[in-house]
Amino acid sequence: MRERWRALAADGHATDSQRGQAVLLTLAALLVASLLAAVVLTLWVRSAVRAQRFGETTAALYAAEAGVARTLAAMARGTLAPPRAEPITLAGTVGLAPGSAAYTVRVVPDGPARWRLVSTGVQGRSRHEVQVTVTAPFVMPVYAGTTLTFHVTPRAGALRFGAAPGYGGAPPRYRGPGTVSPTPVAVRMALPDIPFGVFAELAGSPPPWGAAPDVGAGRLGAGWYEGGRCRGPHPVIVPRGVTAAVRGSLRCDPGLVLEAGATLVVTADLAVRGALILEPGARLVVGGDATLQTVELGPAGPGAAPVLVVIGGTLGVAGAIGATAGAATVPPLAVLALDRSDCSAPACGADHANVLDLGWVRVRDVLAYAEPLATGDAEASRITLALGAGPAGGGKGSGPGPDEPGRGPAVGTLRVRGAVVAAGSVTIRAHRVAVDWDVDLGLLTRYLGIAPGFVPYAVEAWQG
C-alpha cells in the first residue's frame, strides 16, 4: 500500500512540474510575440511617417516647381509684367483639396532685364524652395549681345528711349551729331531659343519631286509648288487664309502679295524686285536669304493681327518698310532671324547667318530678333535698322517733310513701340527724325498667336 501511495505522489509531482514548464514556455512565447509585434508596429509606424514625409516633401517640391512654371507661363502670355523696382508675390495651390499643396513665388528684380523667381512649396510640415533666374531681353527697347551703334543725324535728330538700351560687349558707339538718351547699360544675358522648325512645318510635308506645279502667275492655292521665277506682269498673290509653300528658290519681279491670314513658306531663297505686300496676320517663312526692294503693310484696323516674317539666313530690304498706298494704319511687324540647323523640315538646314538689314522702317509697332547661331559666332547674328526718311529726302507716312530754307534739314517725329534684340551687333540709324521709343510688354502678347512657340524669356539658372 505504501508503495502505491509513493507512486501516486511521484506522478503528481511530475504533473505539477510539466504544468510549470508549459506556463513558462507560454509566457516566453507571448513575450517573443509581443516583442515581434512591437518591432513590426514600430517599423510600420516609422515607414508610414517616412512615407508621409516623403509624400509631403515631394508635393512641396512639385508645388514649388509648379509655381515657377505658372509664373513663367504668365510672363510668356504677357499677363504678368515683371517688376522694375519692388518685388511682387504670387500664390496658388496644386492638387485637389484637402490634400492640395501651396506655393508662394517672389519675383525679385536682379538687374537690367533679369529677375530671380524664388518659389516656396509647402505641404504639411515640409517646405521646398526653388530659385530660377530668368532674362527677358524684349523688355529693353534695344539689346546687342556685342556692339551697339547709334547713328543720329542731323543735330536736331534724337533717339529718346523709354527704358535704357543694353549691350553685352564694348561701350556703345555714337555717330552723327544727334542725341541718344538715356545712356545704355552694360549687361550680358541669355537669349530665348525660338525653334525655326515650328514655322518651317506650317506647310506640312512636300509631295514627291515632279508632283508639284510651278509657281507660275496669278493666285496660288493651298499646297506645294516648285520654285523658279514668277511669270506675268502682275504680282503673285497668296489669297486670304491660304497656306502655300515653294520648294526651292523663288523670284518674283512684279511683286508678291500675302493677303490677310495667308502663309507662304519658301524652302530656299526669296527675291522680290517689286513690292512685298503683307496684310494683317500674314506669315512669310524663308529658309534661306531674302532680298527685298520694299515692304508694304496694311491696311489694319484696331487690334489687327501682327505680320510675321521668319528668315533662316539674311534679310535685306533696300527701300522702305511702311504702309501700303491709302492705308492710314499698319499692323505690328515681327521679323525673326532664327537658327534653322536644329530641324528636319525642307526649309531647315545648315545655317551661316541670322542677319536683318531692315532699310527705312516706318512702322510704329515692331519686334526684330536675330537669334544666336549654334556655331557661337555672335557677329553672324546682327541687326541694322533705319528710322525716318532716307538720306535722299523725306518719305511718305510718318517721315519728316522737306528741308526748311535757312534752318537746315527738317526733323519730323516718330513713335516706336517694341524691341530690337540681337546676339551680335545692333546698329540703329535715325535720319531727320526725333524718335520716341517705348517698350510695350502688352505688345508681346499680340505676337504670340501669330508666332507659335514664341517665348520672350530665357532661363539662365535653376537651383533646387
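The values are calculated or read from the model by the stated rules, or taken from the named source; none is laboratory data. Computed from a prediction, not measured in an experiment: that's the story for all the values here. Virtual Cβ from ideal backbone geometry, glycine too; neighbours counted across all protein chains shown. For accessibility, only protein heavy atoms count, side chains too; no ligands or nucleic acids. Shrake-Rupley method; radii C 1.70, N 1.55, O 1.52, S 1.80 Å.
Numbers for the structure displayed
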{"item": "Residue that is touching a Phe, Trp or Tyr at 6+ places or on another chain (Cβ under 7 Å) and of a type outside the set (D, E, K, R), where the choices are ALA136, ALA102", "result": "ALA136"}
{"item": "Selected residue (only one of LEU96, LEU90 is without any contact (Cβ under 8 Å) to a residue 24 or more places away in the chain and either under 15 Å from SER126 (Cα atoms) or touching a strand residue (DSSP E or B) at 6+ places or on another chain (Cβ under 6 Å) (or both))", "result": "LEU90"}
{"item": "Residue count, segment 296-308 (criterion: open to solvent by less than 10 Å² (accessible area, probe 1.4 Å) and within 25 Å of the chain's Cα centre (by Cα))", "result": "4"}
{"item": "Members of segment 147-158 that are crowded, with 18+ Cβ neighbours inside 10 Å and closer than 26 Å to ALA190 by Cα", "result": "THR147, LEU148, PHE150"}
{"item": "Residue count, segment 280-308 (criterion: closer than 17 Å to CYS252 by Cα and of a type in the set (A, V, I, L, M, F, W, C))", "result": "6"}
{"item": "Residue in segment 129-136 that is assigned to a strand (DSSP E or B), closer than 30 Å to ALA430 by Cα and touching a Gly at 6+ places or on another chain (Cβ under 8 Å) present", "result": "no"}
{"item": "Residue satisfying condition, being closer than 24 Å to TRP437 by Cβ and within 25 Å of the chain's Cα centre (by Cα), within set ALA156, ALA74, ALA81", "result": "ALA81"}
{"item": "Any pair with Cβ under 6 angstrom, 6 or more apart, that starts in segment 149-173 at a residue that is closer than 22 Å to ALA423 by Cα and ends at one that is aromatic (Phe, Trp, Tyr)", "result": "PHE150/TYR174; PHE161/TRP437; GLY166/TYR143"}
{"item": "Selection from segment 387-408 of residues that are surrounded by 20 or more Cβ atoms within 10 Å (Cβ to Cβ) and at pLDDT 50 or above", "result": "LEU387, GLY388, ALA389"}
{"item": "Scope segment 298-337; condition touching a Pro at 6+ places or on another chain (Cβ under 6 Å) and either without any contact (Cβ under 8 Å) to a residue 12 or more places away in the chain or assigned to a strand (DSSP E or B) (or both); matching residues", "result": "VAL307, ALA334"}
{"item": "GLY376, sole failed condition from (1) part of a strand (DSSP E or B); (2) open to solvent by 10 Å² or more (accessible area, probe 1.4 Å)", "result": "(1)"}
{"item": "Scope segment 354-381; condition hydroxyl-bearing (Ser, Thr, Tyr) and under 19 Å from the mean Cα position of the chain (by Cα); matching residues", "result": "TYR369, SER381"}
